[in-house]
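To start, the structure itself, in structure tokens.
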Amino acid sequence: MENCAKCGKKLLWNEEKMVFWNKQLKKGYIRWMAFGAPYFGKERKIPEYESKKLCQDCAIDVFEEAMSKTPTLQIKGEDFADLKKSLIESGIVMPALSCPKCDKMNDIPETGKLLICKHCGNPIKPKDVHEKIKKLTE
């Protein structure tokens, strides 16, 4: 029998063989799939437990702790390519954004330092998008 990587207690047969997070931890993440749970379908990378097995109680604790941590968005440059890269690294998927002036959607460009709203002509900078996302994630 194997032991839990966090608490050390012996794993039950279903925790050793059949529990979904054991397979997912081999890839370095836990995805919560309990129907009706508040985190249903959510996923978090948990590298410190990669390729290790956890008992059900510890897996829940580890996942909830990871979910409570808000991803921090740090832009390492000043153009939209840097913004997109920073969003991906932070686990945020955002292919489009709404214009602060007219509130209509615009695709985020792959490169460039300025986006002109295709609806109203308002200029949008990556820094403005970063500030808006930062407010939403805090």
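None of the figures in this text is laboratory data; all of them are computed from the coordinates on show. Predicted model only: the values in this text are computed from it and were never measured. So basically every Cβ, Gly included, is an ideal-geometry build from the backbone, and we count neighbours across all protein chains shown.
My understanding is that a pair violates if its Cα-Cα distance is over 28 Å; which of K53/K132; K45/K113; K85/K135; K6/K45; K53/K134 do that in this structure? Mind showing how you got there, number by number?
Details: K53/K132 39 Å; K45/K113 31 Å; K85/K135 19 Å; K6/K45 16 Å; K53/K134 35 Å.
As for pairs spanning more than 28 Å Cα to Cα, those are K53/K132; K45/K113; K53/K134.
Considering amide H positions built from the backbone, and no H for Pro or chain starts, which residues 5 or more places from I116, or on another chain, come under 5 Å of its amide H?
When sequence neighbours closer than 5 places are left aside, the close amide H contacts are I124.
Give me the distance in nm between label points sitting 7 Å out from Cα along the Cα-to-Cβ direction at I88 and K45, one decimal.
So the label points at I88 and K45 sit 1.2 nm apart.
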